[in-house]
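The structure appears below as structure tokens.
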Amino acid sequence: MIAEFPPGLLMIGGAVLVPFLKGNLRSAYTLVLPLLGILQLMTFEPGTFGAMTSFGFEQTHVRIDKLSLLFGYIFYIAAVLGALFAWHNDDPLESSTALVYVGAAIGATFAGDLITLFFYWELAAIAAVFLIWAARTDRSFRAGFRCLLIYMVSGVLLLSGAAMYANATGSVAFNNIGLDSPGGILILLAFGIKCAFPLLHNWLQDGYPEASVTGTVFLSAFTTKLAVYALARGFAGTEVLIWIGVAMTAFPIFYAVIENDLRRVLAYSLNNQLGFMVAGIGIGSTLAINGAVSHAFAHIIYKALLFMTMGAVLFRTGTAKGSELGGLYKTMPWTTGFCIVGGASISGFPLFSGFVTKSMILTAAAEEGYLVPFLVLLFASAGVFHHSGIKIPFFAFFAHDSGKRPKEAPFNMLLAMGLAAFLCIAIGVYPQPLYALLPFPVDYLPYTTTHVITMLQLLVFSGLAFATLQRTGLYPPELRSTVLDFDFSYRWLAPRAAGWLMAVAENAGMTVTSKFLLLLRGLIDRIFQTHGPQGILARTWPTGSMVLWAAALLALSLLFYYQ
Amino acid sequence: MSETPSNGHGAKKTGEKRYWLDDMRNVHKLFWVLVALCALLFLSDAFYEKHVVFGFEHWFGFFGLFGFFVSFALVLTARELRKILMRDEDYYDR
């Protein structure tokens, strides 16, 4: 019976058939599976099923409530968009891995306990790494490996935290955990790694831009938003998340301004958008949580859309570097238009999806009196328009004419981008269906005069700043470069420090070894002296001296015993 | 004059259609349209009642000026950061 079947397993089990299918049949299959998944979710009523006992703990394989359903729907929608975008793709490895990845994220979303969550959490991590590897380049292999190591740390932290939590509370149920619970900090860190918290974030900017044109579209939707879901479930109202979130919105935008690889710019802006969600979860009011999860919903679509447009550019021109692009609007007008819709949505222009979701988080921050977070979120809102709303479309499609005249994106890509763009506008114009899916009743009006005018002021003036900087030549040009981020510590510093330490140790080892050898030689010489052919202890002693020694010993013992 | 495509994905042809944006005068026009739009949005603060929380949000044109100056500062700071953070493209591959 389809209703009682764990939703993630539909995709994971379905992936087994992918290698046996070919061409359009395979593409259609990867599209139909998530559509079936959406139909299944529509039959779900709030509740739980799949209860079992293992390791002495009560587990709940599937827990259905408004929060898990919302993420279930959006994950399936992202899978539909991704499958459509990848229709032309003739890579069974990538197609099947993508299905497992989607399934694992959905399984984790519906997991009612920490053990089930851990199982799907790890499966999603492994699938994500294979999805990066599916690009089959040397760079993707190395970046995927770095991701794998970091994901494993997240898994170990989650398992350790869950074990401590279970040991102390006697339950593995995955509800609100909080920082004060035993193991709470470990679990928060495990989620934080996947959510790209500051200093734990670099796997995202490192790995995602190295995946294939189509792989990145899948990747952009699941891992980080699964972490957002997990934070919303386990750590709503944890105040430290406000500050973490605020830091996440602010620092990536500086990188986004100077980064040249436009898919990496998008990875930085993804990080910045996660910051809004994390801050909302930290604020913890019903408005803030509604804002955070609805923003995750809208974000998955517009971020996938932006990655699709840059993917299409990469597909047609062979590069996604700002320094190599420009003027593509002439031959890729549809892709240009869709990119602008994605940019307007992420920036939160009225009538686009980001506006109706992000403004909830900003309003919640103000209503709860968080002055500094509010100002930083406002700064980040202007900043995100700057790098995602303007920089991405400007440098790819306008700016200086690169002379490239690529063909428009293939029809299936245009269809996927068109559908995503339609959803971005639909949510922005008519947010009520999304609001109805939110975990708490919505008592919020996005389209008030104040909201619309203040947001337009912020964005249009930010655009004016960009135009002014361009006209005055102050805007930093796109340059072929690598920008150092925290991954410098483990990609450059740590290997060199380790090399240096090894050299020192080797040197010290040489000294110790040579000293030891000298000592050993001395000892051998000494033994040779005493036991060698000429050695005193090696002589054949006469029987007389033996008798003498025996007599001396007997005399000694007599002396001792007589006392 | 003909440009060779670096990767064979099609290149600019001589005598091809000139687009509206190819004329720099039109780009200038667009800039001034943007300036006018900003002016309109700035002045619109006089015509409605702002429902906001913090005192400074009531300042005339606060959101516009804030947006302009933080964006300006963002780009100039990022430009300076480049001096510290920018390396060759193959930095990690060497």
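Structure notes:
- Simple spin-label estimate for residue A:526 and residue A:5 gives 8.0 nm between the two label positions (7 Å along the Cα-to-Cβ direction from each Cα).
- About the Cα centre, charge dipole magnitude for segment A:1-235 (Lys/Arg +1, Asp/Glu -1 at Cβ), debye: 300
- Qualifying chymotrypsin sites (Phe, Trp or Tyr not before Pro) in segment A:1-91, where qualification requires a DSSP coil assignment and no more than 12 other C-beta atoms within 10 Å, comprise A:55.
- Label sites at residue B:65 and residue A:480, each approximated as a point 7 angstrom past Cα along Cα to Cβ, lie 4.5 nm apart.
- Residues with amide H under 5 Å from that of residue A:48, placed H, sequence gap 5 or more: A:64
- The trypsin sites (Lys or Arg not before Pro) of segment A:93-143 that meet both conditions, a loop assignment by DSSP and at most 12 other Cβ atoms within 10 Å of the site Cβ, are A:136.
- The distance from the alpha carbon centre of segment A:62-93 to that of segment A:9-45 is 10 Å, rounded to a whole number.
- Against chain A, whose longest principal axis is taken from its Cα atoms, helix A:92-110 shows a tilt of about 90°.
- Only helical runs count toward this figure. For chain A, summing -39,500 (n - 2.57) over DSSP H runs of n ≥ 4 and dividing by all residues gives -23500 deg cm²/dmol at 222 nm.
- Dipole axis of segment A:320-429 (+1 Lys, Arg; -1 Asp, Glu on Cβ), positive-most option in A:427, A:379, A:335: A:335
- Site pair residue A:546 and residue A:425 shows an inter-label distance of 11.5 nm when each label is modelled 7 Å from Cα along Cα→Cβ.
- Size descriptor, Kirkwood hydrodynamic radius, that averages inverse alpha-carbon separations across segment A:10-57, Å: 13.2
- FRET efficiency for residue A:28 and residue A:519, using Cβ-Cβ distance with R0 set to 60 Å, rounded to 0.05: 0.20
- The reciprocal of the average 1/r between distinct C-alpha atoms defines the Kirkwood hydrodynamic radius, which for the protein assembly as shown equals 27.3 Å.
- Taking A:557, A:489 and counting other C-beta atoms within 10 Å, the order from fewest to most: A:557, A:489
- Rounded, prolate or oblate (a/c below 1.5 giving rounded, otherwise prolate when a/b exceeds b/c) for segment B:20-93 by Cα gyration tensor: oblate
- Cβ neighbours within 10 Å from other chains - mean over B:78-91: 6
- Distance from segment A:146-205 to segment A:354-410 (C-alpha centre basis), Å: 30
- Scalar couplings 3J(HN,Hα) for segment B:42-59, obtained by applying the Karplus form with A = 6.51, B = -1.76, C = 1.60 to θ = phi - 60°, are 5, 5, 4, 4, 6, 10, 8, 9, 6, 9, 10, 9, 7, x, 5, 5, 6, 4 Hz; x denotes Gly and Pro.
- Alpha carbon centroid spacing (whole Å) that separates segment A:484-513 from segment A:222-296: 35
- Helix A:184-194 axis, angle to chain A major axis (alpha carbon atoms, nearest 10°): 60
- For residue A:321, the residues 5 or more places off, or on other chains, whose built amide H falls under 5 Å of its own are A:262.
- Contour excess over end-to-end distance, with Cα ends at residue A:90 and residue A:494 and 0.36 nm allotted per residue: 141.6 nm
- Nearest-0.05 FRET efficiency for residue A:145 and residue B:77, computed from C-beta distance (R0 35 Å): 0.55
- Reach of residue A:303 by Cα under 27 Å, taken over lysines that are not fewer than 8 positions away in the same chain: A:66, A:194, A:225, A:321, A:330, A:358, A:391, A:404, A:407
- Helix axis angle, A:333-347 relative to chain A longest principal axis, alpha carbon, degrees: 70
- Here r is the Cβ-Cβ distance between residue A:136 and residue B:90 and R0 is 25 Å; the resulting FRET efficiency, rounded to 0.05, is 0.80.
- Signed unit charges on C-beta, dipole axis of segment A:1-235, positive-most listed residue A:231, A:152, A:5: A:152
Read-outs: derived from the displayed coordinates by stated rules, not from any lab. Everything numeric here is computed off the predicted structure, so don't read it as measured data. All Cβ positions, glycine included, derive from the backbone under ideal geometry; neighbour counts span all protein chains shown.
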